[in-house]
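Remarks on the structure that follows.
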Amino acid sequence: MSLATLRSSLFGSSLFAVCAASLIAVSPAALAQSEQQKLVNEATTTFNNFVRDPDMTWFQKNAGRAKAFLIAPQVAKAGFIFGGSGGRAVLVVRNPKTGSWSGPVFYVLATASVGLQAGISVSEVVTMVMTEKGVNSLLSTSVKLGGDASIAAGPVGVGAQGEVITDMVSFARAKGVFGGLNLDGTAVTISDDWNQAYFNKKVLPPDIVITGSVKNAAAAPLLSAVAKAAGGK
């Protein structure tokens, strides 16, 4: 073996060893956290989309009344005759005493439906939580929207007005063949594994949004966007 070949072989082995060591040094939790952060980043974009949308005037005028926001960047609905929808969402909650916003808590959305429908659509959905009952229901292990907490579709359109009396008001921006998305009957379940990965420890939703005993600095842009639109800090 020539000297040049030996050097090349040693360099390649060293480079491989460095790469391998780097991969070993990254814990499974750190690798998983990138998925959670991607969802948080997408939730920030989704929320800002609603803030800027000229058809979401009711949402924009009443955002300051919301006690929490459940934000789902992508809720997919598909099927023919038998269909359903599902996706992931994050919850941010306003502290009633300080006005500060905390979160996110990660959730999974799932619903099944039967009807004459065809095609696939993807919607971004923001649900305004208007009552303490609505907030408390989301802090339980699982909640069925429309059952455990009342929910209604929010008024949409330029100049939309009207009083909506319900625990939650949901808004959807559809990106497919369906004109909208009805979350009534949707099961919202806490994603314990995602919460644990994002905060690097086993946590419960109240730890995140009530006592504030855990935080992740990477959520700051989302909390800032919500505070800017809905008030608080």
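What the table below lists for this structure:
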| item | result |
| --- | --- |
| Residue tally, condition farther than 23 Å from residue 45 by Cα and in contact with a helix residue (DSSP H, G or I) (Cβ under 8 Å, 6 or more places away or on another chain), over region 208-224 | 2 |
| Candidate set from region 216-233 (those that are surrounded by 14 or more Cβ atoms within 10 Å (Cβ to Cβ) and in a loop (DSSP other than H, G, I, E, B)); member that is modelled with the lowest pLDDT | 232 |
| Among the candidates 137, 102, residue that is at pLDDT 90 or above, farther than 16 Å from residue 46 by Cβ, touching a strand residue (DSSP E or B) at 6+ places or on another chain (Cβ under 9 Å) and not in a strand (DSSP E or B) | 137 |
| Inter-residue pairs, beta-carbon under 9 Å, first closer than 16 Å to residue 143 by Cα and in region 88-106, second acidic (Asp, Glu), 6+ apart | 106/192; 106/193 |
| Residue match in region 166-179 (condition: among the acidic types (Asp, Glu), part of a loop (DSSP other than H, G, I, E, B) and modelled with pLDDT of 80 or more) | yes |
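The values are calculated or read from the model by the stated rules, or taken from the named source; none is laboratory data. Just so you know, these numbers come straight off a predicted model, no measurement behind them. Cβ coordinates were reconstructed from backbone atoms using ideal geometry, including for glycine residues, and neighbour counts include every protein chain displayed.
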